[in-house]
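A.B. asks: Okay, here's the structure, questions in a sec.
Throughout, read-outs are computed from the coordinates displayed, never taken from laboratory work. A quick note: this is a predicted structure, and the numbers were derived from the prediction, not measured. When we count neighbours, we look across all protein chains shown, and the Cβ atoms used for this are built from the backbone with ideal geometry, even at glycine.
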Amino acid sequence: MMNLNGEHDRETELPIIAFDKVSKTYSTGTKAITNLSLKINKGEFVFIVGSSGSGKSTLIKLLLKEIEPSEGNIFVNGKELTRLRRSQIPKHRRGIGVVFQDFRLLKDRNVFENVAFAQRVIQEPIRSIKRKVPSILAEVGLSEKMQVLPKQLSGGEQQRVALARALVNNPVILLADEPTGNLDPKNSWEIMNLLEEVNKKGTTVVIVTHNREIVDAMQKRVITMNKGVLISDETKGGYSYEG
Amino acid sequence: MRASSIGYSIKQGIKNIRRNKMFSLASIGTIMACLFLFGVFYFVLANVQYMMKMAETSVGITVFFDEGIGEAKIKDIGTEIKTRKEISSMNYISAEEAWKKFQKEMYKDDKDLTEAFQGDNPLADSASYEIYLNDVSKQDNLVKFIEKIDGVRKVNSSEVTAKGLSSFNILVGYVSATIIIILISVAVFLISTTITMGISVRKDEIAIMKLIGATDFFIRAPFIVEGILIGFLGSLFPLVVLYFIYNKIIAYITVKYKFNVLSNFLTFLDVKDIFATLIPISILMGIGIGFFGSILTVRKHLRV
C-alpha cells in the first residue's frame, strides 16, 4: 500500500517479511542477531548495510530457513517459518530468488542450462523451460550468450545469469547478498538497474551490500545493523554506518 | 515426479558414474565378486537340493516283517507307520509281487530259470512296505520309530546318503550365507563411499539446488539412480560368466565321478532351469545392494 507521497506505508500494510524479536546464537556461543524486529512490505526495495559480523548473512540464512532462530518468530509471505515442516521448506524457498556475490553458477553448464536448472529443480515441463529461459535471458540482456560457458563471461554477465536464474521461477522476494561485491562500477550499476526494474514489476527486493556509492545514490529504504543489532531504519536513507 | 525429471535423474546418475570412474568401477567389481560367489553357492545349493529330492523319490525305506506274521498284523503295522507326518507315500509289496519283480529284473526273458522254481516262492517272507519321505533329514527318526514296532524284522535304509546330503546342504548353506553377508556388507560400504565422493564433487550444485527449492527427493534421486545402476551393472557380468561355466563344471564332475559310488546321486539341474531363478535373484540382489548403499548415504548426507 502506498501513501500520498508514493511511498510504502510500513505501519498499515501486511508485511511480506517480518522479524519479531528474533535472536540467533550459534552453538559456538556467538551472538549473531539480538532482539531484531523489522517489517518489509510487498514491493519494497530495501538495502541492509553493516560491517562484517553485523548479522547480515545470518539474516539471509534465517529467511531461507537454512538455520532456526534461537528466539522470536519470522514471517515470510504470511507463513511463520518456525512452524514450517521440513517437507514445506522447498516450497518456501521457491518464493525467494537469491543472488550471491560469487554468482554460484554451475561451471560445466552453459548460460541456458544454468537458468534452466532452476526450472528443472522445481520440475517445470520442458516446454515451459524452452519458453521461459530465453525470455528471462533477453530481459537481462544475454540472448546472444545462451550457449556460452560461465568462464567465458565477464563478472557482470555472470551476475546477470545468476539474476536470471533467481528470477526465472517468478519469486515474490529477491534476496541479493553483496550482488556488486565482485563487480566494477559500470557493471555494478547495470545490475542495480536490473534489480530496480525487477522491483518495479512488483518483486520485493532486499539487498545486503557494502556499496556506499550505490546506497547513497539510489535513495531507497536502508536498514543498518551493527553486531547483530538494528541501529537505524530510514525510508530514504544513505550509507550512514562508519564502522 | 514428471517424466522429464525422471530423465534428468537418470542422466545425472550416469554422469555421476562417469565422473567418479575409479570408485564406481571398484563398487561394480565388488558386486560382481559378491554375486559371482552367490551364483556358485546357488549352483551347489540348488543342485544338492535337487539331488536330495531325487534321492527322496528314488531311495526309500523298506520295512520287512517277522516270519509267519499274518496279513492283519501287517495292516496294523501299516496303519501305525502312516501316522507319521514325514511320509510322502507308502506302498505294500506282497511276497508274490516281490518275487515277480525280482524275476523280471534278474532273469528277464530266461523262462527256464523261472520255471525251475515252479510254484515255490523263495521270497515267501519278503512282503514289505516301501516308504518314501518328504524330507530325507527326518529319515533317522522314522527308522528308529519303525524298528520299535512289534512284528517288524528289519528296516533297510540308505542312511549314509540321506544324512550326507542333508548335512552337506546345511554346511554349504551356512558357509555361503556367511560369505555372502560379508561380501554384501563390503559392497554396500563401497557403494556408500562412491556416493559420498559423488556428493562431495557436486556439493556446490547441491547447495544451489537446495536454495532454489529442490525437494529432498529431487536432490537424492540421481545418487539413488547411480547406486541402482552400479548394482545392476555389477550383477550382469557374473551371470554371463556363470552361464558359460555351468555346463563345463557339470561335465567335469560327471566324468570325474563316473565310476564312483556317488555317481548314482549325481543328477544336475538343467542350465535353463537354474538360470530361470538365478537371473532375477542376482539382478534383484545387485539392484538391492545399490539401492540400499545409496539410500543409506543420501539420508545421512543430503537433507534440505
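A.B. asks: For region A:105-170, what are Rg and Dmax over the alpha carbons, in angstrom?
C.D. replies: So, for region A:105-170, Rg and Dmax equal 10.5, 31 Å respectively.
A.B. asks: Shifting gears a bit: Once amide H atoms are built 1.01 Å from N in the peptide plane, which residues 5 or more positions from A:K220, or in another chain, come under 5 Å H to H?
C.D. replies: Amide H neighbours of A:K220, under 5 Å, 5+ apart: A:G237.
A.B. asks: Rounded to the nearest 10 degrees, what's the angle between the helix A:155-167 long axis and the longest principal axis of chain A, both from Cα atoms, 0 to 90?
C.D. replies: Approximately 80 degrees, to the nearest 10.
A.B. asks: Taking every DSSP beta bridge that has both residues in chain A, what percent is antiparallel when rounded to the nearest 5?
C.D. replies: Here the share of antiparallel DSSP bridges comes out near 50 percent.
A.B. asks: Report, ordered by chain and residue number, the lysines lying within cross-link reach of B:K100, taken as a straight Cα distance under 24 Å and ignoring same-chain residues fewer than 8 apart.
C.D. replies: Cα-Cα hits under 24 Å: B:K73, B:K75, B:K108, B:K111, B:K154.
A.B. asks: Here's another thing I want to ask about it. Please give the average number of partner chain Cβ atoms lying within 10 Å of the Cβ of each residue in A:126-134, rounded to a whole number.
C.D. replies: 1
A.B. asks: Using a Förster radius of 60 Å, what is the FRET efficiency between B:N141 and B:K300 based on their Cβ-Cβ separation? Nearest 0.05, please.
C.D. replies: With a Förster radius of 60 Å, E is 0.75.
A.B. asks: Continuing with the same structure: Report for the protein assembly as shown the percent antiparallel among DSSP-assigned beta bridges with both residues inside it, nearest 5.
C.D. replies: So the antiparallel bridges amount to about 65 percent of the total.
A.B. asks: Another question about this same structure. Nothing charged except the Cβ atoms of Lys and Arg (+1) and of Asp and Glu (-1): what's the magnitude of the dipole of region A:105-170 about its Cα centre? Round to the nearest 20 debye.
C.D. replies: In debye, rounded to 20, region A:105-170 gives about 140.
A.B. asks: Report, in degrees rounded to the nearest 10, the 0 to 90 angle that the Cα long axis of helix A:126-139 makes with the longest principal axis of chain A.
C.D. replies: In chain A, helix A:126-139 runs at an angle near 70 degrees to the longest axis.
A.B. asks: Enter the mean number of other protein chain beta carbons within 10 Å of the beta carbon of each residue in B:202-210, as an integer.
C.D. replies: 4
A.B. asks: In nm, to one decimal, how far is the modelled label at B:F217 from the one at B:E96, with both set 7 Å along Cα→Cβ?
C.D. replies: Between B:F217 and B:E96, the label points sit 7.7 nm apart.
A.B. asks: While we're here: So if each residue of separation counts as 0.36 nm, and I subtract the Cα-Cα distance between B:T254 and B:L25, what length gain in nm does that give?
C.D. replies: Using 0.36 nm per residue and subtracting the Cα-Cα distance, I get 78.7 nm.
A.B. asks: Continuing with this model, one more query. On C-alpha positions alone, give me the angle between the axis of helix A:111-121 and the longest principal axis of chain A, in degrees, nearest 10.
C.D. replies: Around 60 degrees separate the two axes.
A.B. asks: As an exercise, use a Förster radius of 45 Å and the Cβ-Cβ distance of A:E66 and B:T178 to find the FRET efficiency, rounded to the nearest 0.05.
C.D. replies: E(calc), rounded to 0.05, equals 0.45.
A.B. asks: Another question, if that's okay. Where does the charge balance sit around A:S154 when Lys and Arg score +1, Asp and Glu -1, over other residues with C-beta under 11 Å from its C-beta?
C.D. replies: +1
A.B. asks: Can I ask one more? Ranked highest first by average number of other Cβ atoms within 10 Å, how do A:150-157, A:219-226 line up? Mind dumping the intermediate values first?
C.D. replies: Details: A:150-157: 15.2, A:219-226: 20.4.
Top to bottom by mean Cβ count within 10 Å: A:219-226, A:150-157.
A.B. asks: Also, quick follow-up: In whole angstrom, and with the biggest value first, how far do the Cα coordinates of the protein assembly as shown range along each principal axis?
C.D. replies: So the three principal-axis extents are 134, 46, 39 Å.
A.B. asks: Let me confirm one metric for peptide A:89-95, namely the mean number of other chain beta-carbon atoms within 10 Å of its residues' beta-carbons.
C.D. replies: Values: counts 6, 11, 2, 1, 6, 3, 1.
Mean shielding by partner chains, rounded to a whole number: 4.
A.B. asks: Out of all DSSP beta bridges in region A:135-243, what portion is antiparallel? Express it as a percent rounded to 5.
C.D. replies: So the antiparallel bridges in region A:135-243 amount to around 50 percent.
A.B. asks: Here's something else I'd like to know. Work out the FRET efficiency for A:S51 and A:T28 from their Cβ-Cβ distance, taking R0 = 25 Å, and round it to the nearest 0.05.
C.D. replies: 0.80
A.B. asks: Note down the net charge around A:G53, summing +1 for each Lys or Arg and -1 for each Asp or Glu among other residues with Cβ under 12 Å from its Cβ.
C.D. replies: Cβ neighbours under 12 Å give a net charge of +3.
A.B. asks: Counting Lys +1, Arg +1, Asp -1, Glu -1, what net charge surrounds A:A18 among other residues with beta carbon under 10 Å of its beta carbon? Mind showing how you got there, number by number?
C.D. replies: Working: positive: A:K39; negative: A:D20, A:E80.
Around A:A18, the surrounding residues sum to -1.
A.B. asks: In nm, to one decimal, how far is the B:F244 label point from the A:Q123 one, both placed 7 Å along Cα→Cβ?
C.D. replies: Output for this residue pair reads 4.4 nm.
A.B. asks: Highest first, please rank the peptides A:38-45, B:19-26, B:188-195, A:88-95 by the mean number of other Cβ atoms sitting within 10 Å of their residues.
C.D. replies: B:188-195, A:38-45, A:88-95, B:19-26
A.B. asks: Report the one residue of A:S57, A:P69, A:S135 whose Cα lies farthest in the direction of the positive end of the charge dipole of region A:45-139 (charges on C-beta: Lys and Arg +1, Asp and Glu -1; origin at the Cα centre).
C.D. replies: The one lying farthest along the dipole's positive direction is A:S135.
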